[in-house]
Amino acid sequence: MTDPSELSRATRFRAGDTSPGPIIIIGGAEDKLRDRVILNRFVRLAGGPDAQIVVISTASSLGDGATALYRELFTQLGAGEVSGLRPLTRDEADDPQAAALVDQATGLFLTGGNQLRLSSVVGGTKLGAALVRANQRGAVIAGTSAGASAVSTHMVAFGASGPTPKQRMVQMAAGLGVLENVVVDQHFEQRTRLGRLLAVVAQSPSLLGMGLDEDTAAIVWPDRTMEVIGRGAVTIVDGSEVQTDAFQARGHRPMMVSGAILHSLPAGYRFDLTTRTLLAPVERTAPKRAAETESARRRIQRLAKRIAAEGADSFVVERRRRAKEDKEASE
């Protein structure tokens, strides 16, 4: 059942309500074929049939294919209007027309891919400023995989996997600045990224670490309370009482981290990002599945697999590509 308060967001925006909008950070590989809980929620929050959604696919290496996939998905889910932006240079991101399109949007969706590409192209441009402005005046902003990492002020640019925090295992960069004082990591359980999130929080304990499993999202409301939806869990790393020898650890050796507080929150649980405390859970009715043709389902499945593969560390993808080329050359 649709929540009327969610559908009315676009109406309130057009009436001049300038209260901030929610932020949805998704761990990647969100369900695109079955219940589509996360994407359904995004469309509802953007206004449903009144929504004006802009898909920004700069992070993706799949060209306009990523934009086309999400346009089809959001249209199937009842969005009123869906358009796309894919600036590949800072000059393109400084185009006033791109910022103007964002200024009219009720929902903005940042695709997966390479978060460093997204932040280095969009950060500090007219488009980047328009994204922050849009959320402040009520638009919902969602990012999946690389797009999730990039929405925060402090961003995991790249790094190594593993359960043990080590010196130099993660590289940080400035994000797009929509979500403050939180650092986001995605594909969290699937790619064993606890170690690098512990390392970040140990070195910057003022930041709250947030690791999102695949097909899992955290909805951060304007009052900085967070609600978990989806299939997996959100891991919160609180370093307010942490002790570490990170400033002494050398090379790529393990660092001592003690006193970090971990919360593992599955769907329905809520958390206050300001007080860093668990809140009472919420209860929601599972959505009904929407009917679709088998051909459309297969096409979306193929594109979804390609987009999910983009969330892998870039050096792994490059190594596989080179191995394939070497094999073909030898044949």
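The values are calculated or read from the model by the stated rules, or taken from the named source; none is laboratory data. The structure presented is a predicted model; accordingly, all values stated were derived computationally and were not measured. Counting neighbours? That spans all protein chains shown, and the Cβs are built from the backbone with ideal geometry, glycine included. Please note that ligands, DNA and RNA were not included when accessible areas were found on the heavy atoms of the full protein model with its side chains. Shrake-Rupley method; radii C 1.70, N 1.55, O 1.52, S 1.80 Å.
At-a-glance table
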| read-out | value |
| --- | --- |
| Percent carbon-and-sulfur accessible area, the stretch 193-267, ignoring ligands, DNA and RNA, probe 1.4 Å | 49 percent |
| The stretch 266-282 - phi-based ³J(HN,Hα) in whole Hz, Karplus 6.51/-1.76/1.60, Gly and Pro as x | x, 4, x, 8, 10, 8, 9, 6, 7, 8, 6, 10, 6, 10, 4, x, 10 |
| Solvent-accessible surface (1.4 angstrom probe) belonging to HIS187, in square angstrom, nearest 10 | 0 Å² |
| Mean shadow area of the stretch 53-189, taken as a quarter of the surface of its Cα convex hull (nm²) | 8.5 nm² |
| Computed E for SER240/GLU180 - FRET, C-beta separation, R0 22 angstrom, nearest 0.05 | 0.85 |
| Per-peptide average of other Cβ atoms within 10 Å, ordering 164-170, 134-140 highest first | 134-140, 164-170 |
| Residue-wise HN-Hα coupling along the stretch 18-32, computed from phi with Karplus coefficients 6.51, -1.76, 1.60 (Hz; x: Gly, Pro) | 10, 5, x, x, x, 10, 10, 10, 10, x, x, 6, 5, 4, 10 |
| Computed P(r) (all Cα pairs; the stretch 157-206; 10 Å bins; percent) | 25, 58, 17 |
| Most to least packed among 79-89, 35-45, 240-250, 188-198 [average Cβ atoms within 10 Å] | 35-45, 188-198, 79-89, 240-250 |
| Alpha-carbon spread of the stretch 34-82, three principal axes, descending order, Å | 28, 23, 15 |
| Computed P(r) (all Cα pairs; the stretch 187-274; 5 Å bins; percent) | 3, 15, 23, 21, 19, 10, 6, 3, 0 |
